[in-house]
Amino acid sequence: MGVTVLQQYPVPENKTGTYVIDLLTKRILALGATQAGQFLVDCESYLSHPTMGSTKTVHILHNSEQPASVFSILESGTKNIHVIADGLFDLLMMKLSQHYTSKKQTKIESKGPKFELGDFCIKLGSVTMNQNFKGILIEVEYRPCVMANAVWGLLREFLQGILGSTISVQPPQHLLSRMNEIYTPIDTIYQYLEHFSAYRKITGLRSA
Amino acid sequence: MANSVNISIEAPIENQIQEITYDGQEIYQAPLSMSENLARLAQKIDFSKTDDEFCNIKKEGENGSEVKSEEDKEPGYQSSLWPWDSVRNKLRNALTEVSVLADVLSIAKEKRYMVLDPIQADPIESRPMVQVYGRKKALSAAGAVLLNGVERLRASETMRMTRNMPDFHIDLLRLRQNWRLKKVSNTIVGDLSYRTAGSKFSQTGVFEVTKAPEEQIAAAMNAPGAAPSALRVTVPPELQGVAFISVRCQKEQEDVVTATLNSSALNCPGSLPGDGAELHWQQKLEAAQNVLYCKELFARLAAEAVQLDASIPHIVVGNRIMLTILPSIQLMIGLCHNNGQNNNNTEGTKSQGSYVKAEHDHVLEHSLHQLLRAVHHSNTHHPFPHPATGPLGPSKRRSLAGPMGADRYELMEMSREQSLLEQIVQQAQHFFMRRRGEYVLDTIAKEVKDPLIVSHWNALNSPTHSCVKINIMAYGYDAVCRTSLVVHVGEKTLKCICRDGKVRNLSYELQELRDLIFCQIYQHQMTGVQAVGRCMGWQLLASSSHLGAGPVEPLANASSCLLASPNGDRMIAIRCEPSVGIQVFIAQSPKKDFFVSELVQDKKWENLGGAFKEVKLEKMEGKNFLNKMELLMACLSSPS
């Protein structure tokens, strides 16, 4: 598990998502990367019942890189609390359906091909919410390093190499405070949640 | 019965077995409820029979009222239960008949249309004497049966008392202390399978317990040695006899035909010591259990051999598994089962026995047994702590994998577990490596006398890893110089750690180990000479362990050193080539054969030291090379 940076890639006005994904795939393959299967990150959000006091949101996320784990993040106003559990947590959430109701229409996921290039692992994810294309998220992981601070420069350079200089690459909001700490899988999940929340707010739908 | 005894009690099966699943679990039918039971019993009533009887006895009036009372109940059941249909039909028929009868009776009572006349019954011809004789005969026959039984009982009891015959129930009690028994209707059956110990083998191990006939007990009592028993156990024919797993390692055969011929000659003892019939039940059951165990082990190994994809595929033929563990070395695992029925087979094996070169390997057989026991144990003993919720069985690491966010690779690593076959192959490989290593070290120690080669095998080792320490030293000079190295013997590789800390990984080709030891021997000689020289006050002028000069060596490099005597007038040069041996040269100054020539005129040049002359080492005094060198140095140091 190395340091991962999630980057949003804007889709031009008159282009479709698949076109952009194909373009990026060609670019990455030209660099000498090899395709290494598919990946999927999905997120489902549950709202607490009004009788429980102030409304809280629980996000349940799955990452195909950690197939045995279920990540849950509880948003309670000021602070986010996360719990990593095993697969049975999904069943537990079903039992809690009285207290936490699922917002089915906000189920969002990012999936697409995964590439390996030396020590880097690149994932091109197209984000869909209820089968509606929302945008493109690019995940780049540098596997030998676990400290974000030590590798940020390298990752930025790599990202700019792939995405082109027109796109400004900034360190993710979540990582800013954790640059000197050991990177863990939940950090990736937080980044995904950040982007997913942003996508949910965008109402404009784009055709894939 | 002074001692208290533990008896396990099992309830007999009261319910019928509905289904037996493939893993041997029995699913019972639920017991009938009260109403179902009543319905079932009611269906069994034979109404026609009772009709006839009632007609004969002519108690129609009473019968009619009874039927009526039943009839009253009937409509309620009719509506709710279909099974009552036949009952209803029969009752209806009965009602019709009874009504007809009532009509007839009422007509007869009027005495106007019908009169009932009593019929004169035929007088039965009674011959009392015949009856008496008949009864007497029947009684005496019954009495004879009873008396016979009493006689037999008394006889057996007295015989038991006087001759110390074993008691069936005491024996049964002893059997129950060690084996699982249960009573099924009139028979006692037991289970000798390893199910309760964690086995998941499908074959059952059911045996039956019966009482031995008295003649056999008497015969057993007369026979010397054998302890008589009133019990007789019957094991199924597939578990009779003796079985064992034969494991042998052998050089690969030239062609498969001879390999199969030889391997079919698995020596198998014909039967257990003592004849089969007179065996004590304990031994008999233990043998049968062993047969079952061996069968399970072999079935598992065969399944794994088929599943595993090795570079050279494993061959499973009949009751044999052939595996290639190292190039040209085969491991052969066979199931030998002799149930005493195919006697001609055992004779055949005896005649072929002389062909078999490879010996049965008891250690590997034992390891196989151990491995399967470990599997059984892990099936029943789950690692602690047990989770309060969630499945039981996965390891602690696997249960933590989710919360710790383990990735795919880690999960794959966790799910990988070595099969029995892989483990036994590793053990066999290690066994071979160890034996070959021993052989190489022993032959070198035999060949090379000059530096002594002493190898110490560590007594503590694992089935797949052992370690040997090799000391190279010269007799009498072990304090001056000794070279030691450690060789770790693994499954397919050797790891040598030399004195200078260098680690060399060697393959299973043992020529590599041999070459390495020879290099170490010559290196030892060179360092030994330098150490002796230091003790003698000689001065080391130069030394090189990898000489560039001279012909190319087939193994390692030539090495050399140059020593000067304390006062500097003599020099010894030693050159060591692993393929040739050690050569020693000496030179002295002033040289004795210095003559003034035209080119070199000055006398002072005689101090330069002369040409080196070779010393014939084999002609020298001294026990070994270092001793010879010490003598040579002593000789050259003394003022001549």
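Just a few scattered comments:
A quick yes/no check of all residues on (1) aliphatic (A, V, I, L, M); (2) away from every other protein chain (no Cβ under 14 Å):
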residue	(1), (2)
A:Tyr46	no, yes
A:Lys56	no, yes
A:Leu91	yes, no
A:Phe120	no, yes
A:Asn130	no, yes
A:Ala148	yes, yes
A:Gly153	no, yes
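- All positions within segment A:67-89 that are of a type outside the set (A, V, I, L, M, F, W, C), within 8 Å of chain B (Cβ to nearest Cβ) and more than 16 Å from the chain's Cα centre (by Cα): A:Asp86, A:Gly87
- Of the residues making up segment B:442-467, those that are within 33 Å of the chain's Cα centre (by Cα) and surrounded by 14 or more Cβ atoms within 10 Å (Cβ to Cβ) number 7.
- Check on A:Ser64, within 14 Å of chain B (Cβ to nearest Cβ), of a type in the set (Ser, Thr, Tyr) and surrounded by fewer than 20 Cβ atoms within 10 Å (Cβ to Cβ): yes
- Residues located in segment A:173-194, provided they are closer than 18 Å to A:Leu154 by Cα, outside any helix (DSSP H, G or I) and more than 14 Å from chain B (Cβ to nearest Cβ): A:Arg178, A:Met179, A:Asn180, A:Glu181
- Close pairs from segment A:152-169: first under 18 Å from A:Thr25 (Cα atoms), partner in a helix (DSSP H, G or I) and charged (D, E, K, R), Cβ under 7 Å, at least 6 apart: A:Ile162/A:Arg27
- Residue match in segment B:189-205 (condition: more than 23 Å from B:Asn290 (Cβ to Cβ) and out of contact with any His (no Cβ under 8 Å at 6 or more places or on another chain)): no
- Restricting segment B:392-413 to residues that are closer than 13 Å to A:Leu88 by Cα and out of contact with any helix residue (DSSP H, G or I) (no Cβ under 9 Å at 6 or more places or on another chain) leaves a set whose member that is surrounded by the most Cβ atoms within 10 Å (Cβ to Cβ) is B:Ser399.
- Subset of segment A:159-172 that is assigned to a loop (DSSP other than H, G, I, E, B) and touching a helix residue (DSSP H, G or I) at 6+ places or on another chain (Cβ under 7 Å) - its residue that is farthest from the other protein chains (Cβ to nearest Cβ): A:Val169
- Meets criteria (of a type in the set (A, V, I, L, M, F, W, C), more than 14 Å from chain B (Cβ to nearest Cβ), under 30 Å from B:Glu410 (Cβ atoms) and surrounded by 14 or more Cβ atoms within 10 Å (Cβ to Cβ)) for A:Ile108: yes
- The set of residues in segment B:288-321 that are within 16 Å of B:Glu365 (Cβ to Cβ) and in a strand (DSSP E or B) comprises B:Arg320, B:Ile321.
- Within segment B:379-429, the set of residues being within 14 Å of chain A (Cβ to nearest Cβ) and among the basic types (Lys, Arg) comprises B:Lys396, B:Arg397, B:Arg398, B:Arg408.
- Check on B:Asp442, touching a helix residue (DSSP H, G or I) at 6+ places or on another chain (Cβ under 9 Å) and more than 29 Å from B:Ala310 (Cβ to Cβ): no
- Exactly one residue out of B:Leu372, B:Leu368, B:Leu364 is in contact with a helix residue (DSSP H, G or I) (Cβ under 8 Å, 6 or more places away or on another chain), within 21 Å of B:Thr493 (Cα to Cα) and more than 14 Å from chain A (Cβ to nearest Cβ): that is B:Leu364.
- Criterion: assigned to a helix (DSSP H, G or I) and touching a residue at least 40 places away in the same chain (Cβ under 8 Å) - qualifying residue of B:Met129, B:Met159: B:Met159
- Filtering segment B:454-461 for residues that are on the phi < 0 side of the Ramachandran plot and within 14 Å of chain A (Cβ to nearest Cβ) leaves an empty set.
- Some residue of segment B:493-506 being surrounded by 15 or more Cβ atoms within 10 Å (Cβ to Cβ), among the charged types (D, E, K, R), in contact with a helix residue (DSSP H, G or I) (Cβ under 6 Å, 6 or more places away or on another chain) and touching a residue at least 12 places away in the same chain (Cβ under 8 Å): no
- Residue within segment A:45-55 that is under 30 Å from B:Glu413 (Cβ atoms), surrounded by 15 or more Cβ atoms within 10 Å (Cβ to Cβ), in contact with a helix residue (DSSP H, G or I) (Cβ under 9 Å, 6 or more places away or on another chain) and modelled with pLDDT of 90 or more present: no
- Those residues of segment A:195-204 which are in a loop (DSSP other than H, G, I, E, B) and hydrophobic (A, V, I, L, M, F, W, C), in sequence order: A:Ile202
- Residue that is surrounded by the fewest Cβ atoms within 10 Å (Cβ to Cβ) [pool: residues in segment B:182-201 that are over 19 Å from B:Arg373 (Cβ atoms) and touching a residue at least 40 places away in the same chain (Cβ under 8 Å)]: B:Val184
- Residues that are polar (S, T, N, Q) and in contact with a Gly (Cβ under 7 Å, 6 or more places away or on another chain), drawn from segment A:2-18: A:Gln8
The values are calculated or read from the model by the stated rules, or taken from the named source; none is laboratory data. Keep in mind the model is a prediction, meaning the values are calculated, not measured. In this analysis, Cβ positions are derived from the backbone assuming ideal geometry, glycine residues included, and neighbour counts consider all displayed protein chains.
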